[in-house]
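A quick write-up on the structure given underneath.
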């Protein structure tokens, strides 16, 4: 299917459009490189403990710097495109929502591909210091689904919904920074855990599920294999692997219904589920 898509792209997409996509991807790579270096420079000047870290920890520290930066860009742009712009408004366009695209949405997708390529390159180069096989699989599926949406101009709304979940990444990274800095018992660590839970619940359930329900009829009407592959591969990066027993265990101070509501959202990253529920245990 990918070969057919590429041949169709070569026939139907102008060279200028293909060049624009490449520029977006390389912009994402350059962005990650610059932020990676700036993170190291700023950390040396502002955080005394940075110099005492091992080389491996410094690499991950800087890596999480451009991860956080991409998260801000991707989530902010996705929020604008999904809720604030007229791109997916039913009142401004006659075509199906899953067929809509814009220069901004293509730029966001291209930059995200550049980010995932950069992060994956570091993961493979330093394997398994920055993550194991699950990270390689996650990044591979993410790039595949984003690539399909970009070159075909289809189902970009669903990819943007997934990219909006990056809004919780800064909290995940801040959690790691505080842990490395020896502040795991501090109030800011607890507040960050609460913020992670609330942000995760908001984007995973309220935004993604609501928008999916609004447009699922259009998804079913197409009957196109592409939509199935793109939609399922993108959201398969966020499986829910926690059982009801895991949700209930050690969470007596939080309503079970609220936790089940959150963990029942089908597009939530398993890693973030573990972090959120681990933070919940701290209140017991």
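Read the figures in this text as sums done on the coordinates, not as results from a lab. Nothing here was measured: the structure is a model prediction, and the numbers come from that model. Note that each Cβ is placed from the backbone with ideal geometry, even for glycine, and that neighbours are counted across all protein chains shown.
So that you can scan it fast, the table gives a plain yes or no per residue for (1) touching a residue at least 60 places away in the same chain (Cβ under 8 Å); (2) in contact with a helix residue (DSSP H, G or I) (Cβ under 9 Å, 6 or more places away or on another chain); (3) farther than 26 Å from residue 33 by Cβ:
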position: 88; (1), (2), (3): yes, yes, yes
position: 109; (1), (2), (3): yes, yes, no
position: 147; (1), (2), (3): no, yes, no
position: 163; (1), (2), (3): yes, yes, no
position: 177; (1), (2), (3): yes, yes, no
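Restricted to region 89-101, and to residues there that are within 10 Å of residue 156 (Cα to Cα) and more than 20 Å from the chain's Cα centre (by Cα), the residue that is surrounded by the fewest Cβ atoms within 10 Å (Cβ to Cβ) is 99.
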